[in-house]
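Read-outs throughout are calculated quantities, based only on the coordinates presented, and are distinct from any laboratory measurement. All values derive from a computational prediction rather than experimental measurement. Quick reminder, even Gly has a Cβ in these numbers, built from the backbone with ideal geometry, and neighbours come from all protein chains shown.
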Amino acid sequence: MKVTVLGSGGSEGIPVPYCDCRVCKGGDHRFRTSYLITVKDKNILVECGPDFRAQQLKHNFSLDYLFISHQHNDHIEGLHDLRHIMLISKVKMKKINLLVSNKLHKDFLDKSIVEKEGIRYAYNRLIKKKKFNLSLMDYYKEYNFKNFSMFLFKNPHENKVCDAFLLKAEGKTIIYLGDVGKFYSKSIEIINNTNPDLLIINIPRFYSIKPKHVGIEDLTDLKAKKILISHFSHRTNLLHHEIEKEAKKYNNDMIVAQDGLIIDV
Ligand SMILES: [Zn+2]
Ligand SMILES: [Zn+2]
Ligand SMILES: [Zn+2]
């Protein structure tokens, strides 16, 4: 299994337009956070954010599966481009296998609770035009796909939940947590019982900003062979090499995400 970091930036990316802070002027470049997990010859795109178009053009990946964790713009805005590619430009593409929880799918289809009208439109059009094969999942149940299995769970994130998954393939395990405001105890149990080969978590400010995001100090009790930290905001006030240095103080098995980084699992 292979994980490619397509983007490692927070919701505004780095650099931020018009910002002259030391991070934005420091030479780091981070697209909005997204990952490509490659299992055999199949790709799972994890999140479809605002930089999806640029990420696809840069890495030229095929899109077999798409996982979306929650409704925040930095995780779904690329659906607009996907709608244009598949429905307006009518580029010939095979159907994408959409991996989402039943809960998130219902939220997308439910007019009353969606704040981001435009994204809901893109999602609904792609569903209506049958561009997705729907693999709707319930939490705490394992689902088998061709070369991998997926088990969904969740954690609170702002006033919603963010869906997480445990993926098993080729005898290895990856846990993807996405954005986490705090951990449910059940999630900690899942992580520690699995002791995954790779744990992926978003910590935008590096340190915790409760209740929005946990930080590095919340990861010390988690059991994982390697932890990939990502989704960094310029508000960390830390350049990439400084994040690496700080992370070492907490755990030697911490990998700091950088755009284009490839991790063999
Ligand atoms: Zn800045
Ligand atoms: Zn979020
Ligand atoms: Zn986010």
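Could you give the nm distance between label points at residue 60 and residue 110, where each point is 7 Å from its Cα heading toward the beta carbon?
It works out to 4.3 nm between the two label points.
Quick one: length gained pulling residue 172 to residue 195 fully straight, 0.36 nm per residue minus the C-alpha distance?
7.2 nm
Listed highest first by mean packing, meaning other Cβ atoms within 10 Å per residue, what order do 210-223, 80-93 come in?
Values: 210-223: 16.0, 80-93: 14.2.
Packing proxy ranking, top to bottom: 210-223, 80-93.
Only four residue types carry charge here, +1 at the Cβ of Lys and Arg and -1 at the Cβ of Asp and Glu. Report the dipole size of the stretch 41-98 about the Cα centre in Debye, rounded to the nearest 20.
It comes to approximately 380 debye.
Considering only Cα-Cα distances, which of the following residue pairs are longer than 29 Å: 129/186; 131/168; 40/106?
From the list (129/186; 131/168; 40/106), the Cα-Cα distance tops 29 Å for 129/186; 40/106.
Express as a percent, rounded to the nearest 5, the fraction of DSSP beta bridges in the chain (both residues included) that run antiparallel.
55 percent
Spit out the partnerless Cys residues in the chain, using Cβ distances under 4.7 Å as the pairing rule.
So far as the 4.7 Å Cβ criterion goes, 21, 48, 162 stand without a partner in the chain.
Between residue 90 and residue 253, what is the label-point separation in nm under the 7 Å Cα-to-beta-carbon projection?
That separation, rounded to one decimal, is 5.2 nm.
Can you pull out the chymotrypsin sites (Phe, Trp or Tyr not before Pro) in the stretch 194-265 that DSSP calls coil and that have at most 16 other Cβ atoms within 10 Å?
Passing both the DSSP loop test and the Cβ count: 207, 250.
DSSP loop GluC sites (Glu not before Pro) in the stretch 124-201 with at most 14 other Cβ atoms within 10 Å of their Cβ, which ones?
Of the GluC sites (Glu not before Pro), the ones in loops of the stretch 124-201 whose Cβ has at most 14 other Cβ atoms within 10 Å are 158, 170.
Two decimals is fine: what's Rg over Rh for the stretch 2-262, C-alpha atoms, Kirkwood radius as Rh?
A ratio of 0.94.
Let me spell out the model: positive unit charges on the Cβ of Lys and Arg, negative unit charges on the Cβ of Asp and Glu, origin at the Cα centre of the stretch 133-265. What dipole size does that give, in debye rounded to 20?
200 debye
Can you show me the helix-derived [θ] at 222 nm for the chain, built from DSSP H runs with n ≥ 4 at -39,500 (n - 2.57) apiece and divided by the number of residues, rounded to the nearest 500. Intermediate values should be presented prior to the final figure.
Details: 7 runs with 57 residues, N = 265.
Per the formula, -6000 deg cm²/dmol.
Would you mind ranking 145, 31, 52, 61 so that the residue whose beta carbon has the fewest other beta carbons within 10 Å leads the list?
So the ranking, lowest neighbour count to highest, is 61, 145, 31, 52.
Taking 8 Å as the Cα distance limit and 6 or more residues as the minimum spacing, I'd like the relative contact order of the chain as a percentage.
On the way: 585 pairs, mean separation 52.2, N = 265.
Taking the mean separation of contacting Cα pairs over the length of the chain, I get 20 percent.
Rank the residues 263, 127 as a footprinting-exposure proxy: fewest other Cβ atoms within 10 Å of their Cβ go first.
Ranking 263, 127 by Cβ neighbours within 10 Å, fewest first, gives 127, 263.
Only counting other Cβ atoms within 10 Å, I'd like 67, 108 sorted with the fewest neighbours first.
Details: 67 26, 108 21.
Ordered from fewest to most neighbouring Cβ atoms within 10 Å, 67, 108 come out as 108, 67.
Using the Cα centre as the reference, give the magnitude of the dipole from point charges on the C-beta atoms of the chain (Lys, Arg: +1; Asp, Glu: -1; all else neutral), rounded to the nearest 20 debye.
980 debye
If each residue of separation counts as 0.36 nm, what is the full-extension length gain between residue 264 and residue 16 once their alpha-carbon separation is subtracted? Kindly include the intermediate steps, with their values, before the conclusion.
Numbers: separation 248, 0.36 × 248 = 89.28 nm, distance 3.04 nm.
Once the chain is fully extended between residue 264 and residue 16, it gains 86.2 nm.
Could you work out the relative contact order of the stretch 1-119? I mean the mean sequence separation of Cα pairs under 8 Å and 6+ apart, divided by the number of residues, in percent.
20 percent
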